[in-house]
Amino acid sequence: MKFNKQSAEVFIPDGTDEKIALGRTTDLCIAAHQDDIEIMAFSPAAKCYGKADQWFTGVVVTDGAGSPRSGIYEEYTDEDMKMVRVTEQKNAASVGGYSAQFLLSYSSSEVKDSANLQTVQEIADIIKACNPEILYTHNLADKHDTHVAVALRTIAAVRSLPVDLRPKKVYSLEVWRGLDWLCDDDKSCFDTSTHPNLAAALLGVFDSQIAGGKRYDSAALGRRLANATFFASHDTDDCESMSYGLDITELVNSNTDGFEFVNRYINNFKDEVEQRIRRFT
């Protein structure tokens, strides 16, 4: 594929021809930063792991320049960090047996600029080339600006495609804000219990973030355990580890405003809380 950024690339871990690697993709995740995929989309990655008929492909939109750093990475420049994080993401793709890993190399400011349509077009081209059955991205209630911007660009990209080229299902997933607040009927639950060694390995690849001052590995695994345990108060656990998502297929196939769509679920939560309080008052 041709990219807008000179430093952008697609990495094929098993060396398969690019067209074949993209064409075999069944599950595609579009994320803002290096390690976002491994935090939010472990379930589809694990589902595809080692399967001949299911393949996971990742897309990282930004270049990783602005990440916090300390310890051995404290004196690293933004350019140094870009190189480190690209290497880490490629290592994750190899460990996870991804079909392909895109690194688009945009700055966060470019992604957050709604007038910059390059990101939308490039994401649309990738979706078209991969033609996945299921697409995953960030959720619009996330508290990280770049995550929300990537979600919006992804929604716009899907909407720009003919209906027959759009994924059958699109889910938004949790990173910087969990989706525990969703009413249970609104949650899409993803079992993350399989391959626990792979889950730890994928998160552990990102040493620049862990040693650099953020224990994303422990936090992500802990959230998944908590999700599974606290999902149902009166039932035994169906799985040991779980991540939450919100089905946004309806949103990407309509002209509904992103906030209006999410606000529907915020109101569902508000109504549930109010009804429970008033029931015992």
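No value in this document is a laboratory result; all are computed from the given coordinates. Note that the structure is a prediction, hence the values are computed from the model and not measured. FYI the Cβ positions are ideal-geometry reconstructions off the backbone, even for glycines, and counts take in every protein chain you see.
Tabulated results
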{"quantity": "Prolate/oblate/rounded call for region 9-256, Cα gyration tensor, a/c under 1.5 rounded", "calculated": "rounded"}
{"quantity": "FRET efficiency, 1/(1 + (r/R0)^6) with R0 35 Å, evaluated for residue 159 and residue 7 via beta carbons", "calculated": "0.80"}
{"quantity": "Value at 222 nm in deg cm²/dmol, rounded to 500, when DSSP H runs of n ≥ 4 in the chain each add -39,500 (n - 2.57)", "calculated": "-13000 deg cm²/dmol"}
{"quantity": "Shape category assigned to region 90-190 from the gyration tensor of Cα positions, a/c cut at 1.5", "calculated": "rounded"}
{"quantity": "Gained length - residue 247 relative to residue 277, 0.36 nm times residue gap less alpha-carbon distance", "calculated": "8.0 nm"}
{"quantity": "Computed FRET value (nearest 0.05) for residue 76 with residue 107, which takes r as the C-beta separation and R₀ as 25 Å", "calculated": "0.90"}
{"quantity": "Extended-chain gain in nm, criterion 0.36 nm per residue less alpha-carbon gap, residue 218 and residue 184", "calculated": "9.8 nm"}
{"quantity": "Within a Gaussian network of the chain (alpha carbon springs, distance under 10 Å), most fluctuating of 93, 65, 151", "calculated": "65"}
{"quantity": "Cross-link pairs beyond the 29 Å C-alpha cut-off, checked among 19/143; 47/90; 19/47", "calculated": "19/143"}
{"quantity": "Prolate/oblate/rounded call for region 137-281, Cα gyration tensor, a/c under 1.5 rounded", "calculated": "oblate"}
{"quantity": "Neighbour cut-off at most 11 other Cβ (10 Å), DSSP loop, GluC sites (Glu not before Pro), region 64-118", "calculated": "74, 75"}
{"quantity": "Calculated FRET efficiency for the pair residue 87/residue 269, C-beta based, R₀ 35 Å, to 0.05", "calculated": "0.30"}
{"quantity": "Region 152-158 - phi-based ³J(HN,Hα) in whole Hz, Karplus 6.51/-1.76/1.60, Gly and Pro as x", "calculated": "5, 5, 5, 4, 4, 5, 5"}
